[in-house]
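Engineer: Here it is, the structure, as structure tokens.
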Amino acid sequence: MASSAVSKLNNLSSWVVMSTVHDPALRRRNARIRMAASSNSGSGEVAVAFEEGQLERPKWTGETPLSRLVGAIISFKPLYSVLKLGARQVLISTAEKTSIPWREMTKDVLESDVYEEMESIEDRSIVYPDYYLNPFHAYDEGNLSWLAAAEAEAATMSMVRRAIPYASSLDEANQIVRGNWLQAIESHRQKYSGNSSINDIIDIGCSVGVSTRFLADKFPSANVTGLDLSPYFLAVAQFKEKRNIQRKDPIKWIHGNGENTGLPSKSFDLVSIAYVFHECPERAIKNIVKEAFRLLRPGGTFAVTDNSPKSKILQELSPVLFTLMKSTEPFLDEYYLTDLEGTLREIGFVTVQTVMTDPRHRTVTATVPY
């Protein structure tokens, strides 16, 4: 029965992917997105205004009848196990349909010398917060496993391709998703930090270092640090960085808790958090924002990019996809219900700005006052 259910989930999700690909209206919209990204690259502004839905957040989150129904389905353990398997298969299938070699990339990591990096990365004194021990992303061990770490980069690539389904390549999709995120940071810094340079950057919740490397490439003269709670992710990040790129100033990797990094106050010009908060309960989000405020120098920039509650696409996800999503993201509701902009202002940030940087994601930027 479980096998049959997974097969049905996969067939339905495949139909959703394929029907999206052949939707003429969405095809025309993506053509406009590509043209805007191409014509406006390097301008310091987000290339195009992405469409918002009519709601403040998806109706499948919060205390709505639909949300409660989805919660009840997920709480039924036999069905949850099926959903978890289905969610994993959807991720892999989506990746490989868009020429992302998920299994090959995973094998490449697991059969490498990556394990040797753990000794220099792991801080054995760390006590993991209770929420971090949840089974995220269909992994029973959550982020604390070699399989999760080995598959993380392919999963990130898949996320980018899902955000821009008509991009002709992963590079083109990244030009929009990552390019607009970096442009939002640069635009905010130019407007609200004067001509101050970015000398020190920390990427909190850096995972296997994909966002960290984008930041290092964007700001090549800066000292860049990636911090994460998973030593497995950091081992992969350090291994890939050593193998692929020789930088003048190598990225520094730290095994630490973003709620309490232990790093000196006022020691960074940019604190970035990419695709992390949707995996955090509200209390952790607020603690990380407080820590970011402490870490930033006066005039420093704080940047968060993550799912946008107002995304039209996310608000209109098919039932199978939002049920699969919620089955692997235990704190998704708390994220969507958190007033992130209000939290930033409450903690002391000024010039809080929010912009949709692709059809699914927003980037929120703010400044520490002088």
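The values are calculated or read from the model by the stated rules, or taken from the named source; none is laboratory data. No experiment lies behind these values; they were computed from the predicted model shown. Please note: Cβ atoms are built from the backbone with ideal geometry, for glycine as well, and neighbour counts cover all protein chains shown. Note: accessible area is taken over every heavy atom of the protein model, side chains too, but ligands, DNA and RNA are not part of it. Shrake-Rupley method; radii C 1.70, N 1.55, O 1.52, S 1.80 Å.
Let's see how each residue does on (1) under 20 Å from Pro135 (Cβ atoms); (2) at pLDDT 95 or above; (3) over 17 Å from the mean Cα position of the chain (by Cα):
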{"residue": "Asn260", "(1), (2), (3)": "no, yes, yes"}
{"residue": "Glu279", "(1), (2), (3)": "yes, yes, no"}
{"residue": "Gly300", "(1), (2), (3)": "no, yes, yes"}
{"residue": "Ser311", "(1), (2), (3)": "no, yes, no"}
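Engineer: How about segment 111-144: which of its residues are among the hydrophobic types (A, V, I, L, M, F, W, C) and open to solvent by 60 Å² or more (accessible area, probe 1.4 Å)?
Structural biologist: Val127, Leu133 - these are the residues of segment 111-144 that are among the hydrophobic types (A, V, I, L, M, F, W, C) and open to solvent by 60 Å² or more (accessible area, probe 1.4 Å).
Engineer: Something else now. Take the conditions open to solvent by 30 Å² or more (accessible area, probe 1.4 Å) and in a loop (DSSP other than H, G, I, E, B) and apply them to Pro309. Does it pass?
Structural biologist: So Pro309 fails the test.
Engineer: Okay, next question. Identify, please: which residue in segment 169-193 is of a type in the set (S, T, N, Q) and in contact with a helix residue (DSSP H, G or I) (Cβ under 8 Å, 6 or more places away or on another chain) and is, among those, nearest to Ala95 (Cα to Cα)?
Structural biologist: Asn174
The rows are residues; the columns are (1) in a helix (DSSP H, G or I); (2) farther than 23 Å from Tyr166 by Cα; (3) acidic (Asp, Glu).
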{"position": "Glu56", "(1), (2), (3)": "no, yes, yes"}
{"position": "Gly62", "(1), (2), (3)": "no, yes, no"}
{"position": "Leu69", "(1), (2), (3)": "yes, yes, no"}
{"position": "Pro78", "(1), (2), (3)": "yes, yes, no"}
{"position": "Ala87", "(1), (2), (3)": "yes, no, no"}
{"position": "Val90", "(1), (2), (3)": "yes, no, no"}
{"position": "Ser93", "(1), (2), (3)": "yes, no, no"}
{"position": "Glu96", "(1), (2), (3)": "yes, no, yes"}
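Engineer: With segment 318-369 as the region, which helices (runs of 4 or more DSSP H) entirely inside it contain at least 3 residues that are open to solvent by 10 Å² or more (accessible area, probe 1.4 Å) and in contact (Cβ under 8 Å) with a residue 40 or more places away in the chain?
Structural biologist: Per the criteria, 319-328, 332-337.
Engineer: Just the residues that are crowded, with 19+ Cβ neighbours inside 10 Å, closer than 25 Å to Trp253 by Cα and out of contact with any Asp or Glu (no Cβ under 7 Å at 6 or more places or on another chain), please, taken from segment 67-110.
Structural biologist: Val109
Engineer: Considering only segment 275-296, I want to know if a residue exists there that is among the acidic types (Asp, Glu), touching a Lys or Arg at 6+ places or on another chain (Cβ under 8 Å) and surrounded by 17 or more Cβ atoms within 10 Å (Cβ to Cβ).
Structural biologist: no
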